[in-house]
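Just so it is clear, none of the values below were taken in a lab; they were calculated from the coordinates. Predicted model, so just to flag it, every value in this text is computed and none were measured. Cβ: placed from backbone, ideal geometry, glycine included. Neighbour counts: every protein chain shown.
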There are 4 protein chains.
Amino acid sequence: MKADRAIGARRWIIPDGYIPPASSGTLESHESVCVLNTSDRDAHLRFTIYFEDREPLENIPYVVPARRTKHIRTSSLRGDGGRSIPAGVPYAIEGESDIPVVVQYSRMDSTQAENALMSVVAYPVREGEGQ
Amino acid sequence: MKADRAIGARRWIIPDGYIPPASSGTLESHESVCVLNTSDRDAHLRFTIYFEDREPLENIPYVVPARRTKHIRTSSLRGDGGRSIPAGVPYAIEGESDIPVVVQYSRMDSTQAENALMSVVAYPVREGEGQ
Amino acid sequence: MKADRAIGARRWIIPDGYIPPASSGTLESHESVCVLNTSDRDAHLRFTIYFEDREPLENIPYVVPARRTKHIRTSSLRGDGGRSIPAGVPYAIEGESDIPVVVQYSRMDSTQAENALMSVVAYPVREGEGQ
Amino acid sequence: MKADRAIGARRWIIPDGYIPPASSGTLESHESVCVLNTSDRDAHLRFTIYFEDREPLENIPYVVPARRTKHIRTSSLRGDGGRSIPAGVPYAIEGESDIPVVVQYSRMDSTQAENALMSVVAYPVREGEGQ
């Protein structure tokens, strides 16, 4: 077994978040924030959700265990007081982790009868940026 | 509340812009330029639109408030004299901001009966590049 | 009018090239290599096409004029002796330019009745890399 | 013929892997890991597959010949004891190569009657990162 080192970045940005409010067919519209933790330590993440017209939803916690990936449904995230991300509203995601991880964002939209997909590797914030 | 610092880049490039001229079904074909401003200051952007066969459309202003995201429909942008981006024409987008922001571009095409999606994180121009 | 400087990179890579051999509906399956030249000089590009099982197709020329974008259909590219990229064959694209440009790759696939889209910003080769 | 130098990175990450378990129409749901080797030496890759709830599948070998691309179906990869990646399970991909290569990941999903596409350039791990 090779050495397991944390790789990636500690802070990631996804500007285009949107939970499609409708689904049709056999697949449900959804978004996934896919996180890979290659290290042998658990990664403790906190998400901040930014909106167009209201204050951010902060400090949403999530743990990605050592040497595991988690494909996190955005609709499952819960902030203070159990607040979740509303469907049908444009928003943006910031993820912060105590150790480096790698983050990809994908959306499946099945509003109309067939599904559509989009995906990006999130924007990695480099050390020293924004300080 | 954590410290709010501007992160990202001051200049972003999206080479593949195209407003699909047709829509069908319940969703309208459109593009969004999604901007996240994590700082506690407003970001003042200017867009330049490049074409294949004519002079660029310059100095289109847009404000993204502090700690907010804006998912900007490209069809809503207005340059000098109220000029807008024509549909059905290949073009490219350059965005400049007075403070760092993060930019993602997404297109929904519903020309044919079901929708299709594509998305990219825009190309961030690094400080010192192009000078 | 602002100063026009070349931005981006001189070498770009797109590993996943594929011209879908079939189309249906009103839109034709195709790929576009979208290039933005922000400078006030013309950009002279050369494309190399790599395959899975044969020698590369080299030295395909293309000019992107100053302050213009070109959305280049891959099926329109012509190498030595008029050779073009065959449809239905996996391949990869390398683009080199005499001045920095920015490159995005998009594919529309309308093999089945509705269209599907994918897009990536190409991989920018940094100065000094690969030398 | 120009000089052939290895470009890209030796380590690449794709957090969102998923083999759709169903297909319909004329196209089969699948993923491709598209690798370009621009050098005049063969590239020897090893893939590691990370899961949400079990130990990684390690040391899956693959060779990409000199000056060739390979668009590798993930369902064709075989690890120790002939183990393959199960369909319908979220996972993540790490690819390591003895020389620099460039990697793009694409998924075609034809679960519902028409196909959907998504694609990303994989996250390139920079030299010195994760050490």
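Compared with the direct C-alpha span, the chain from C:Val89 to C:Asp42 gains 13.7 nm at full extension, assuming 0.36 nm per residue. Remark: spin-label model distance B:Glu58-C:Asn59 equals 3.9 nm, labels positioned 7 Å along the Cα→Cβ axis.
How far, in nm to one decimal, is D:Ser84 from itself in the other copies if the label point is set 7 angstrom along Cα toward Cβ? Shortest first, please. Here the equivalent label points are 3.6, 3.6, 5.1 nm apart from this one.
Per residue Cα convex hull volume for segment C:13-108, in cubic angstrom?
Details: hull volume 9.2 nm³, N = 96.
Looking at segment C:13-108, the number lands at 95 Å³ per residue.
Structural descriptor for chain D: relative contact order 39 percent, calculated from alpha carbon pairs under 8 angstrom and at least 6 residues apart. Counting Lys and Arg as +1 and Asp and Glu as -1, what is the net charge of the other residues whose Cβ lies under 13 Å from the Cβ of B:Val125? Taking every other residue near B:Val125 into account, the sum is 0.
Using C-alpha pairs under 8 Å with a sequence gap of at least 6, the mean separation divided by the residue count of segment B:26-72 gives a relative contact order of 49 percent. The alpha carbon radius of gyration of segment D:38-83, expressed as a multiple of 2.2 N^0.38 Å, is 1.33. In the assembly of identical copies, C:Ala22 has its label point, taken 7 Å from Cα in the direction of the beta carbon, separated from the corresponding points by 2.1, 2.1, 2.9 nm (ascending, one decimal).
Please give the net charge around C:Tyr18, taking every other residue with its beta carbon less than 12 angstrom from that of C:Tyr18, where Lys and Arg add +1 and Asp and Glu add -1. Counting the neighbours of C:Tyr18, the net charge comes to -3.
Here the protein assembly as shown yields Rg over Rh of 0.93, to two decimals, using C-alpha coordinates and the Kirkwood radius.
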